[in-house]
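This report refers to the structure that appears directly beneath it.
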Amino acid sequence: MAMIVITGAEQGLGLELTRLYAEEGHHVVAGCLNPNTPAIRALGEQHEQISIFALDVTRDGSVAAFADRFDGKVVDVLINNAGVHFRKWSVPERVSFEDWETTLRVNTLGPARVSFALRTSLALAGTSKLVTISSDWGSVSNHPGTAYDYCSSKAAVNSLMRGLAMNWSSQGVCVLMVHPGWMRTTMGGSDAPMLAGEAAFKVKSTIENATAADNGRYLNTDGENMPW
Ligand SMILES: NC(=O)c1ccc[n+]([C@@H]2O[C@H](COP(=O)([O-])OP(=O)(O)OC[C@H]3O[C@@H](n4cnc5c(N)ncnc54)[C@H](OP(=O)(O)O)[C@@H]3O)[C@@H](O)[C@H]2O)c1
């Protein structure tokens, strides 16, 4: 059974990925900003192979304490899922720079912090997968013309992951950036066509289907390349 680490696991896509991997018997470490959230607590009570730990991806100390638990241990799959998307303004130029900074801290620097902290454990696996949940709004060429904060954070995390794909493949780490589709979550809203559970199933299949030849790809859950 594999060791799977998922950030932002207390709701939405992260919670559903945690459920799917645990149902298959994998050991899932669920990193949660609020580890006492009832949904993840209830899931943890159903599956003893789920370990729930506090993790704020924006804080060095929190990430270091989280990573200490993996000292000398293998991580087979890391899923950088935690994310924020503030959308207070209908006029995009009225974006709050404070919210923009927070968005970059969570969506861009968060995956950097967590990935760097778990690098040794990913390398120990021999073959491992470093997955970042990106977005179609991270595409520069297909920019939607809104949400400058969120779009720039996902474009930047794609850039980071391309760099890691170049540098870490020699250690057996396959780096993927996955657009999960529009999901009915707190972030995606109630108009979204897809339940988080359905998206989680597709994201998990995408991860499982990936081989070393897919290292560095930015793809959707149909396995198609997303435009940079
Ligand atoms: N929803 C969509 O349609 C959509 C589309 C494309 C891409 N995505 C991406 O998919 C991923 C999951 O989105 P979702 O829809 O499941 O969102 P969600 O329901 O809002 O869940 C986001 C998760 O991230 C956690 N989080 C926020 N800040 C954090 C921090 N500083 N440290 C650790 N965890 C933190 C949240 O914790 P709390 O619950 O405690 O706030 C929550 O568990 C995100 O990366 C998002 O950008 C979503």
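The values are calculated or read from the model by the stated rules, or taken from the named source; none is laboratory data. Since we're looking at a predicted model, the values are computed, not measured. In this analysis, Cβ positions are derived from the backbone assuming ideal geometry, glycine residues included, and neighbour counts consider all displayed protein chains. Areas reflect the complete protein model, heavy atoms only, side chains present, ligands, DNA and RNA absent. Shrake-Rupley method; radii C 1.70, N 1.55, O 1.52, S 1.80 Å.
Go through the range 183-204 and give me each residue that's buried (at least 16 other Cβ atoms within 10 Å of the Cβ) and in a loop (DSSP other than H, G, I, E, B).
185, 187, 188
Just give me the residues in the range 74-85 being under 16 Å from residue 133 (Cβ atoms), open to solvent by less than 30 Å² (accessible area, probe 1.4 Å), hydrophobic (A, V, I, L, M, F, W, C) and not in a strand (DSSP E or B), in sequence order.
Residue satisfying the conditions is 82 alone.
Read through the list (1) assigned to a helix (DSSP H, G or I); (2) surrounded by fewer than 21 Cβ atoms within 10 Å (Cβ to Cβ); (3) modelled with pLDDT of 95 or more; (4) not basic (Lys, Arg), then give the number of the only condition that residue 93 fails.
(3)
Is at least one residue of the range 197-213 within 16 Å of the ligand (Cβ to nearest atom) and aromatic (Phe, Trp, Tyr)?
yes
Within the set of pairs 6+ apart or on separate chains, which have a first residue in the range 206-228 that is free of Cβ contacts under 8 Å to residues at least 40 places away in the same chain, a second that is open to solvent by 90 Å² or more (accessible area, probe 1.4 Å), and C-beta atoms under 7 Å apart?
Filtered contacts from the range 206-228: 223/209.
Just the residues that are within 18 Å of residue 217 (Cβ to Cβ) and either open to solvent by less than 10 Å² (accessible area, probe 1.4 Å) or within 12 Å of the chain's Cα centre (by Cα) (or both), please, taken from the range 149-162.
Filtering the range 149-162 down to residues within 18 Å of residue 217 (Cβ to Cβ) leaves 154-162.
Within the range 149-162, 154, 157, 158, 161 qualify.
Within the range 7-34, how many residues are in a loop (DSSP other than H, G, I, E, B) and under 17 Å from the mean Cα position of the chain (by Cα)? Reasoning before the result, please.
Just the residues of the range 7-34 that are in a loop (DSSP other than H, G, I, E, B), to begin with: 8-11, 24-26, 33-34.
Applying the additional criterion that residues be under 17 Å from the mean Cα position of the chain (by Cα) yields 8-11, 33-34.
The number of residues fulfilling the criteria is 6.
Scanning the range 1-28 for residues that are within 13 Å of the ligand (Cβ to nearest atom) and aliphatic (A, V, I, L, M), which turns out nearest to residue 188 (Cα to Cα)?
13
Against the definition (within 13 Å of the ligand (Cβ to nearest atom) and surrounded by fewer than 19 Cβ atoms within 10 Å (Cβ to Cβ)), how does residue 105 come out, yes or no? Break it down into steps so the answer makes sense when it comes.
Working: within 13 Å of the ligand (Cβ to nearest atom): yes; surrounded by fewer than 19 Cβ atoms within 10 Å (Cβ to Cβ): yes.
Here the answer is yes, as residue 105 does meet what is asked.
Among the candidates 135, 170, 190, 141, single out the residue that is under 15 Å from the mean Cα position of the chain (by Cα) and of a type in the set (Gly, Ala, Ser).
Details: 170 fails: under 15 Å from the mean Cα position of the chain (by Cα); 190 fails: under 15 Å from the mean Cα position of the chain (by Cα); 141 fails: under 15 Å from the mean Cα position of the chain (by Cα).
Exactly one of 135, 170, 190, 141 is under 15 Å from the mean Cα position of the chain (by Cα) and of a type in the set (Gly, Ala, Ser), namely 135.
Taking into account only those residues within the range 108-148 that are within 14 Å of residue 167 (Cα to Cα) and outside any strand (DSSP E or B), which is most open to solvent (accessible area, probe 1.4 Å)?
Among those that are within 14 Å of residue 167 (Cα to Cα) and outside any strand (DSSP E or B), it is 116.
Within the range 39-52, does at least one residue satisfy the condition of being within 8 Å of the ligand (Cβ to nearest atom), of a type outside the set (Asp, Glu) and farther than 19 Å from residue 129 by Cα? Give the steps one after another, and end with the answer.
So the first thing to find is which residues in the range 39-52 are within 8 Å of the ligand (Cβ to nearest atom), and the list is none.
No, every residue in the range 39-52 fails to be within 8 Å of the ligand (Cβ to nearest atom), of a type outside the set (Asp, Glu) and farther than 19 Å from residue 129 by Cα.
Please work out which residue is most open to solvent (accessible area, probe 1.4 Å), limiting yourself to the range 20-73 and to residues that are among the hydroxyl-bearing types (Ser, Thr, Tyr) and touching a residue at least 40 places away in the same chain (Cβ under 8 Å).
Here is the first cut: in the range 20-73, the ones among the hydroxyl-bearing types (Ser, Thr, Tyr) are 21, 37, 51, 58, 62.
From the residues that got through so far, the ones that are touching a residue at least 40 places away in the same chain (Cβ under 8 Å) too are 21, 58.
Values: 21: 7, 58: 33 Å².
Ranking the qualifying residues of the range 20-73, first place goes to 58.
Looking at 179, 143 in this structure, which one is within 10 Å of the ligand (Cβ to nearest atom), modelled with pLDDT of 95 or more and at negative phi? Outline the logic, then answer.
On the way: 143 fails: within 10 Å of the ligand (Cβ to nearest atom).
From the options 179, 143, the qualifying one is 179.
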